[in-house]
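The values are calculated or read from the model by the stated rules, or taken from the named source; none is laboratory data. All values derive from a computational prediction rather than experimental measurement. Cβ placement follows ideal geometry from the backbone for every residue including glycine, while neighbour counts extend to all protein chains displayed.
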Amino acid sequence: MTDQRDVHVVRWPSRTASTGGGPAPLLTAYHLRTEAEKGAPVADAAELPDRYRAEISDPGSAFADDVVLLALGEDTAMGCVVVTAPADGRAEIKRLWTDPAFRGRGVASALLDAALAHAADRGAETIRLSVWAWRTGAIALYERLGFHITESWDARERLVCMERAV
């Protein structure tokens with residue numbers, strides 16, 4: 001059984017570790033699940049909005065200014081997160097996703113710990129994120145890690161904005 005001690009977080013692309021299929025399969029699952037939860041399910045990635053298909057087809061370009069972190073168990077990519085470059089002392093966490101087969105094993109916590117450390121190393125003073133209101137488990141995890149709900153910077157309905165000091 002995998003637990004957080006067996007989870008290794010690496011920056012993608014990694015020259016030191018095999019990252020399986022990289023972030024593309026994880027980003028695909030993230031976007032398909034999100035669209036379904038929003039009430040707009042699509043059959044496959046080809047039906048996703050252009051901006052999401054761009055992330056899946058070429059994550060290196062889509063996140064060129066950001067850092068993509070992968071959680072690995074041996075050579076299996078179990079989860080991912082994107083951390084934006086700090087601007088005005090603030091970085092943002094995006095696309096946190098754990099493959100459902102690996103949930104409950106500390107993958108998301110390991111990714112968030114690595115994201116926070118990366119943001120601090122890059123000089124961020126604050127890190128923020130947005131999460132859909134129905135993702136109560138994710139919100140509870142963020143709150144346990146010291147995030148608090150803040151005024152929204154995004155007008156999308158049912159989106160919860162959170163932040164914390166790094």
>> So if I check each of E47, E35, which one is surrounded by 12 or more Cβ atoms within 10 Å (Cβ to Cβ), at pLDDT 95 or above and over 17 Å from the mean Cα position of the chain (by Cα)?
In response: E47
> Across the stretch 100-158, which residue is modelled with the lowest pLDDT among those that are over 25 Å from L26 (Cα atoms) and of a type in the set (S, T, N, Q)?
Replying inline: S152
> If you go through the stretch 116-129 one residue at a time, how many are crowded, with 16+ Cβ neighbours inside 10 Å and small (G, A, S)?
Replying inline: 2
> What is the one condition in (1) within 13 Å of the chain's Cα centre (by Cα); (2) buried (at least 18 other Cβ atoms within 10 Å of the Cβ) that D113 does not satisfy?
Replying inline: (2)
> From the list T98, T136, T150, which one is over 25 Å from A85 (Cβ atoms) and hydroxyl-bearing (S, T, Y)?
Replying inline: T136
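With the requirement that a residue be hydrophobic (A, V, I, L, M, F, W, C) and touching a Cys at 6+ places or on another chain (Cβ under 8 Å), what does the stretch 132-166 give you?
I149, W153
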